[in-house]
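**Q** One structure follows; several queries about it will come next.
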Amino acid sequence: MLNRTLDQPTEQGRLKAHGIHPEIREWLIGAIWASGLQVRACFDFWGAEQVYNYETADAEWSSIMIRVRHPGVIRQLIEDRDPLSAVEALLSEQLSFVGAIDHAVALYCCLASTQFKPSNEVLAWCQSLPDLPALSELQAAWRKFPTHSAERDKAVVQAHYDISNDFYRLWLDPLWVYSCAHFEDPDGTLADAQKAKLDLICRKLRLEPGEQFLDIGCGWGALLRWAVTNYGVSAHGITLSEEQLAFNRRWIAEEGLGDRIRVDLLDYRDLPRDPAYDKIASIGMMEHVGIKNYTTYFRSAIAALKPNGLFLNHGITLNELFEPQIRFINRYIFPDGECAHVSTYLKAARDAGWEIVDVDSWRPHYAKTLRCWQANLERSSDQAVALVGERVVRLWQLYFILCAQCFECGTNGVYQMLLRRAADRKWNLPLTREQWLC
């Protein structure tokens, strides 16, 4: 470890002339080394001191510089013990970095997951540092409703998806699929992988012409269009997003598919209680249901499915609890989002009356999907900033990289579960997966 004090007098008084507390310095470097993170990091503390985690250059390691521009950043991180203080400091430019965003996020995860226990001496030292403004409070209409109530779920969905259709268009594939793609070719394009995903869903469900198909949380309608045009079904999609509703109704009318596809603004809890559909899919919607509502969710789907039908549920799972990721997403990207271990999903499905037919892990596919989205957003960053502002774009870039790393390291998973009604005692499927997908 190396550190260097810089002789740079400033107008902010004697505090500015002193660097970081030695105890923090030792923890910082020790945490990086213990993590095994192969990054040559330099931390610049408000122009007073630079701290390195290396003594000699290693050509195989990447480099990054973290600039803590204001001592209050350190004070807030230690006193609040909240890693999101670093995100707020980054957004307010009291903290910055030079280097790849991937390495900045990896450092954030490393330090956020390593507990620092300040001594009384460090706490007293922090008291001598200037304050930063407190974390901004979100003034959102949905906060007045109970968590995961129908009213709050609708408001939260609209806060996320109604940000701007044009913003999503910049980084999604041409079919506007906002969920994990399926890369049958590791070097394939996002567009091809999303088409492969849509077709695989239809084949798993064994869609046949004339069947009634329901898509719960239909997004911008890609699966509806694919199922109708390639498999001859009649389709019904439901969403809570006003923007998605208008988008879907527009393209359905333009393509003359109004007699075969219908999209409604409808909560899953308000689905018909009489069996109306031969096949049902729910792709990437489970994360917004809330753990306490899992059984209600699965019961709503089973009530709407005809005997001998199939239900394909596709959702993100939590393999390990990494609180900084969860809190980041809930604060900045999707409030009230919740994931659980796949075993929790399976138990809730079974308790609701489903038989589990097949469970399929797509974890590496979501990591690749997120990397593609981040690359697309990076290429279109100027347009994105013009649409939604720099703060939103920076948050989404951090979100994509943070989630990609979590899927790559196994913190998160994503599974497709094929389900049939447990009440349908007679087996009505081929004996092997290969035969299902023919």
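The values are calculated or read from the model by the stated rules, or taken from the named source; none is laboratory data. What you see is a predicted model; the values in this text were computed from it and never measured. Positions of Cβ are backbone-derived with ideal geometry, glycine not excepted, and every protein chain shown enters the neighbour counts.
**Q** Check Leu175, Leu198 and return the single one that is part of a loop (DSSP other than H, G, I, E, B) and not acidic (Asp, Glu).
**A** That would be Leu175, the only listed residue that is part of a loop (DSSP other than H, G, I, E, B) and not acidic (Asp, Glu).
**Q** Sticking with this structure for a sec: Among the candidates Asp264, Asp215, which residue alone is assigned to a strand (DSSP E or B) and under 15 Å from His314 (Cβ atoms)?
**A** Exactly one residue qualifies, and that residue is Asp215.
**Q** Just need a number here: residues in the stretch 355-403 that are among the hydroxyl-bearing types (Ser, Thr, Tyr) and either over 18 Å from Ala193 (Cα atoms) or not assigned by TED's automatic domain parsing to the domain that holds Gln416 (or both).
**A** Count: 3.
**Q** Output the residues belonging to the stretch 301-330 that are touching a helix residue (DSSP H, G or I) at 6+ places or on another chain (Cβ under 6 Å) and either surrounded by 21 or more Cβ atoms within 10 Å (Cβ to Cβ) or not in a helix (DSSP H, G or I) (or both).
**A** Those that are touching a helix residue (DSSP H, G or I) at 6+ places or on another chain (Cβ under 6 Å) and either surrounded by 21 or more Cβ atoms within 10 Å (Cβ to Cβ) or not in a helix (DSSP H, G or I) (or both): Phe311, Leu312, Gly315, Ile316, Thr317, Gln325.
**Q** What tally of residues in the stretch 331-346 results from selecting those that are in a helix (DSSP H, G or I) and in contact (Cβ under 8 Å) with a residue 24 or more places away in the chain?
**A** Residues that pass the stated criteria total 7.
**Q** Within the stretch 260-316, track down each residue that is touching a Pro at 6+ places or on another chain (Cβ under 6 Å) and small (Gly, Ala, Ser).
**A** Ala304
**Q** Which fully enclosed strands (runs of 3 or more DSSP E) of the stretch 1-120 have 3 or more residues being modelled with pLDDT under 85?
**A** By residue number, 2-5.
This table checks each residue for (1) over 13 Å from the mean Cα position of the chain (by Cα); (2) surrounded by fewer than 17 Cβ atoms within 10 Å (Cβ to Cβ).
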site: Gln374; (1), (2): no, no
site: Glu378; (1), (2): yes, yes
site: Val385; (1), (2): yes, yes
site: Gly389; (1), (2): yes, yes
site: Val393; (1), (2): yes, no
site: Leu398; (1), (2): no, no
site: Gly413; (1), (2): no, no
site: Arg425; (1), (2): yes, yes
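**Q** Being within 21 Å of Tyr161 (Cβ to Cβ) and outside any strand (DSSP E or B) is the filter here; which residues of the stretch 228-241 pass it?
**A** Scanning the stretch 228-241 gives Leu240, Ser241.
**Q** Would it be correct to say that Leu257 is outside any helix (DSSP H, G or I) and in contact with a Lys or Arg (Cβ under 6 Å, 6 or more places away or on another chain)?
**A** Considered against the rule, which asks whether it is outside any helix (DSSP H, G or I) and in contact with a Lys or Arg (Cβ under 6 Å, 6 or more places away or on another chain), Leu257 comes out as no.
**Q** In addition: If the requirement is being surrounded by fewer than 23 Cβ atoms within 10 Å (Cβ to Cβ), more than 29 Å from the chain's Cα centre (by Cα) and of a type in the set (Lys, Arg), which of these qualifies: Arg260, Arg203?
**A** Exactly one of Arg260, Arg203 is surrounded by fewer than 23 Cβ atoms within 10 Å (Cβ to Cβ), more than 29 Å from the chain's Cα centre (by Cα) and of a type in the set (Lys, Arg), namely Arg260.
**Q** Among the residues of the stretch 178-195, what is the count of those that are of a type in the set (S, T, N, Q) and in a helix (DSSP H, G or I)?
**A** 1
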